[in-house]
Amino acid sequence: MTDTTEPERARPGRRPSRIDGAALRADLRRVIPDSSAALVVTLVIFFVVYVRIEAGTSMTLMVMPYLSDAREYWLYWLCQAFGWSGLLWAWITVMLGLLRSTAPLARAPVPHARIERWHRVTSLTTIGLMFAHAFAFFLELVRGNEEGLAWGGRLLSAFVDVFVPGGYATGTGQVAILIGLIALYLAVPLSLAYYVRFWTGTRTWRALHRFVIVVYALSVWHTLLYGTNVWFDGWFRTVVWALQLPVALLLLARLLAPLRADERFTLRDLGGGRGIRAFARLGARLAVAATVVVLLVVTVTGRDGGRTPGAEGGEMLIGADMVWGGFAVLLTVIGAVALSLRGRETRGERVDG
């Protein structure tokens, strides 16, 4: 993705701002209609979920039958609605970002600059939906107050369970909520890095922003692991898997035909002086191609790891300690990339968009 927004001009005698306030203000204005549309979609999802609970046809009731009173647990259904709209907007913003960073067709119907603006705006909306998803769950825990705590205790307990990574310590949520929180807390800096690119350097910003695809993968994982609507195998869960196929295909297209010339790769690069970087790029392309094959198989066969109704579930293959270990590795890689590129740009190798 390249930068199309000019930095704010500094007044004489003043240092230029580290934040691109002009772009941020413009995007915040654009986010109003986008977030309004997201709220309408959320309310529609909430209505559908509420009606299904009232009718007793929701898959959630097979997991938690005590939630059958839709009126009493309406905050939980609102939490679900925000979760699904958040995942939908995350899908949209990832697709837009991949389109923006892929070489355009000869007669592209939409200019790349417009796609970039849509990408930025939908990413802001996605962050808001992710937070609303968590906040609705927080309010439900405060309302339920299963431990009978006083107000101070119930607020603190709910806050730890919902917003502190590792705070939720029971059942599948021990892993699923941890994964969701990691996605939320990574989404904020990686998405907002665009607005401080004049401080970090454009090359560093681009490198950091590419890790957003990891945030999206974690969000989908969180949904498949903890979304009671898709807890069991069936067509709805398979559809969620199938929707990842265009993301993987577009990611592969972005790697094979990147917009920027310095990101392009040929097999001849393996024998040149690029060494590790060339092999890393080849490995990334092969890994995404393998992911496309896996998604195709899952979509066609419907065997996607969902639980079978009435069958006793097995132990989880991934534990919280494994998630923490993977998160530590991810942070190490992000930090190493940022420090390496930041050092180059500080030495005068800054690459403007």
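The values are calculated or read from the model by the stated rules, or taken from the named source; none is laboratory data. Note that the structure is a prediction, hence the values are computed from the model and not measured. Every residue, glycine as well, gets a Cβ built from its backbone with ideal geometry; the counts of neighbours run over all protein chains shown. Only protein heavy atoms, including side chains, enter the accessible area calculation; ligands, DNA and RNA are left aside. Shrake-Rupley method; radii C 1.70, N 1.55, O 1.52, S 1.80 Å.
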Taking H as built 1.01 Å from N, whose amide H comes closer than 5 Å to the amide H of F232, not counting residues under 5 places away? R307
When all C-alpha to C-alpha distances in segment 20-112 are sorted into bins of 10 Å, what percent of pairs does each bin hold, rounded to whole numbers? 14, 31, 26, 16, 11, 1
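On the accessible surface of the chain, probed at 1.4 Å, how many percent belong to carbon and sulfur atoms?
Working: 12620 of 19020 Å².
Summing carbon and sulfur atoms, their accessible area is 66 percent of the total for the chain.
Using 0.36 nm times the number of residues separating L296 and A103, minus their current alpha carbon distance, what extension gain do you get? Could you put the intermediate results ahead of the total?
Numbers: separation 193, 0.36 × 193 = 69.48 nm, distance 2.48 nm.
Length gained between L296 and A103: 67.0 nm.
Quick one: if the Förster radius is 35 Å, what FRET efficiency do L67 and A287 give, using the C-beta to C-beta distance and rounding to 0.05? Mind dumping the intermediate values first?
Numbers: r = 39 Å, r/R0 = 1.12.
The formula returns an efficiency of 0.35 here.
Could you state the accessible area per residue of segment 32-190 in Å², with a 1.4 Å probe and every protein chain left in place? Write out the running numbers ahead of the final one.
Numbers: 7540 Å² over 159 residues.
For segment 32-190, the per-residue accessible area is 47 Å².
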Using only Cα atoms, figure out Rg for the chain and give it as a multiple of 2.2 N^0.38 Å. 1.08
Segment 135-152 and segment 164-185 have their Cα centres apart by a whole-number Å value of 17
Long-range HN-HN contacts of T102 with modeled amide H, under 5 Å: L259
On full extension of the chain, what length is gained from D321 through L192, given 0.36 nm per residue of separation minus the C-alpha to C-alpha distance? 43.6 nm
Taking the Cβ-Cβ separation of L245 and R143 as r and a Förster radius of 25 Å, what is the calculated FRET efficiency to the nearest 0.05? 0.05
What value, in deg cm²/dmol to 500, does the helix sum -39500 (n - 2.57) over DSSP H runs of n ≥ 4 give at 222 nm once divided by the residues of the chain? -22000 deg cm²/dmol
In Hz, Karplus ³J(HN,Hα) per residue of segment 91-98 (6.51, -1.76, 1.60; θ = phi - 60°; x = Gly, Pro): 4, 5, 5, 5, 4, 5, x, 5
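Want the number for T170 to W235: 0.36 nm per residue separation, take away the alpha-carbon distance, what's left?
Working: separation 65, 0.36 × 65 = 23.40 nm, distance 2.83 nm.
Length gained, T170 through W235: 20.6 nm.
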Which parts of segment 225-263 would a label at T308 reach, counting a residue when its backbone N lies under 20 Å from a point 7 Å out along Cα-to-Cβ? 225, 230-239
